[in-house]
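**Q** First the structure, which I've put down as structure tokens, then a few questions once you've had a look.
The values are calculated or read from the model by the stated rules, or taken from the named source; none is laboratory data. Please read these numbers as outputs of a predicted model, since none were measured by experiment. Cβ placement follows ideal geometry from the backbone for every residue including glycine, while neighbour counts extend to all protein chains displayed.
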Amino acid sequence: MRKLVYLDSASDDLADIFRYITIESGNLAAGRAFVAKLRGRCAHLASLPGTLGSDRPECAPGLRSIAANGYIIFFRYRDQRIEIINILHASRDVVSHFDND
């Protein structure tokens, strides 16, 4: 199993998602559960062998993505680890997001 690493940008995204879901739903448990689902999807990625997700060279070299609960998880493989780069809502213009980085 690969080591799962969240970059600061992904941790910030998860915090933003938690706040948004909690505020919109008015339910702290809903925010926690939603972020737990996203984290579970990331852990599942790390547990699987091979190269998964879609290659996203239009965003950045070596970047890959996979959909999860209306969001897109952006990640890359590095040696024996998987780095979660960002977790963005699927409606966002992700190419421009990575152009700004």
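**Q** Given the condition within 13 Å of the chain's Cα centre (by Cα), of a type in the set (Val, Ile, Thr), outside any loop (DSSP other than H, G, I, E, B) and within 13 Å of Phe75 (Cα to Cα), answer yes or no: does some residue in the range 1-18 qualify?
**A** yes
**Q** Considering the range 64-80 alone, what residues qualify as being in contact with a strand residue (DSSP E or B) (Cβ under 7 Å, 6 or more places away or on another chain) and at pLDDT 95 or above?
**A** Arg64, Ser65, Ile66, Gly70, Tyr71, Ile72, Ile73, Phe74, Phe75, Arg76
**Q** Also, quick follow-up: Does Thr51 meet the test of being over 13 Å from the mean Cα position of the chain (by Cα), at pLDDT 95 or above and of a type in the set (S, T, N, Q)?
**A** no
**Q** Any idea which residue in the range 64-101 is surrounded by the fewest Cβ atoms within 10 Å (Cβ to Cβ), counting only those that are aromatic (Phe, Trp, Tyr) and within 16 Å of Asp12 (Cα to Cα)?
**A** Applying the filter and picking the extreme gives Phe98.
**Q** What is the residue count in the range 61-77 for residues that are more than 9 Å from the chain's Cα centre (by Cα) and without any contact (Cβ under 8 Å) to a residue 40 or more places away in the chain?
**A** So the answer is 7.
**Q** Let me spell it out: the conditions are (1) in contact with a Gly (Cβ under 6 Å, 6 or more places away or on another chain); (2) hydrophobic (A, V, I, L, M, F, W, C); (3) under 18 Å from Ala36 (Cβ atoms), and Ala67 meets all of them except one. Which number is the exception?
**A** Only one criterion is unmet by Ala67, namely (1).
**Q** Does Ile82 satisfy the criteria of being in contact with a helix residue (DSSP H, G or I) (Cβ under 7 Å, 6 or more places away or on another chain), free of Cβ contacts under 8 Å to residues at least 40 places away in the same chain and part of a strand (DSSP E or B)?
**A** No.
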